[in-house]
């Protein structure tokens, strides 16, 4: 059984989609959700989905081996970032080389890096009058959004699009592709 831990910071819609996708899979399982925000809605989703979760802070992640030990104790094989906003520390990257997967709400290498997440990305893309946007699924390295690209999906934009309408298009792409791409990576 290949075991996944999902890291999330917000509402958890992608985390729920991943859990649901693998719920009846006899080879891949979402074992745990890790969250850095005690008020995040993903915690309610974890309870509803009956998935164990851990809430942690910066000290746990950056100044101790608490998270790494927890992952090792759970025998985690892959980490999936589903709206997780903090930079992954090197001790996790070294322990899980090419086994930490992130989704970004734009077509990298454009519109990536620190501060480029969620509506910040969508507002910038609309402001720059881009004709397309999309999602990028990539491996995580030591820098924000610079890991090797695994998969991209695009959507077209028009003059009537707003950051909110773009967010809806991106969310549909995330829901459609993220779990399937994770499965393809694991089953390689």
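For residue 149 and residue 171, the difference between the fully extended length at 0.36 nm per residue and the C-alpha to C-alpha distance is 6.0 nm. Enumerate the whole-percent occupancy of each 10 Å bin, from 0 to the last occupied one, for all C-alpha pair distances of region 2-187. Computed distribution, short to long bins: 9, 38, 37, 13, 2, 0.
Between residue 85 and residue 24, the C-beta separation translates, for a Förster distance of 22 Å, into a calculated FRET efficiency of about 0.15. Where a ≥ b ≥ c are the square roots of the eigenvalues of the C-alpha gyration tensor, would you call region 1-89 rounded, which needs a/c under 1.5, or, failing that, prolate if a/b is larger than b/c, or oblate? Oblate, because a/c is 1.5 or more while a/b does not exceed b/c. What whole-number distance in Å separates the alpha-carbon centres of region 1-76 and region 97-139? One Cα centre to the other: 22 Å.
Secondary structure note: in region 2-187, about 40% of the DSSP beta bridges are antiparallel.
No lab work stands behind these numbers, since they all come straight from the coordinates. Keep in mind that what you see is a predicted model, and the values were worked out from it rather than measured. For neighbour counting, all protein chains shown are included, and Cβ atoms are generated from backbone atoms with ideal geometry for every residue, glycine included.
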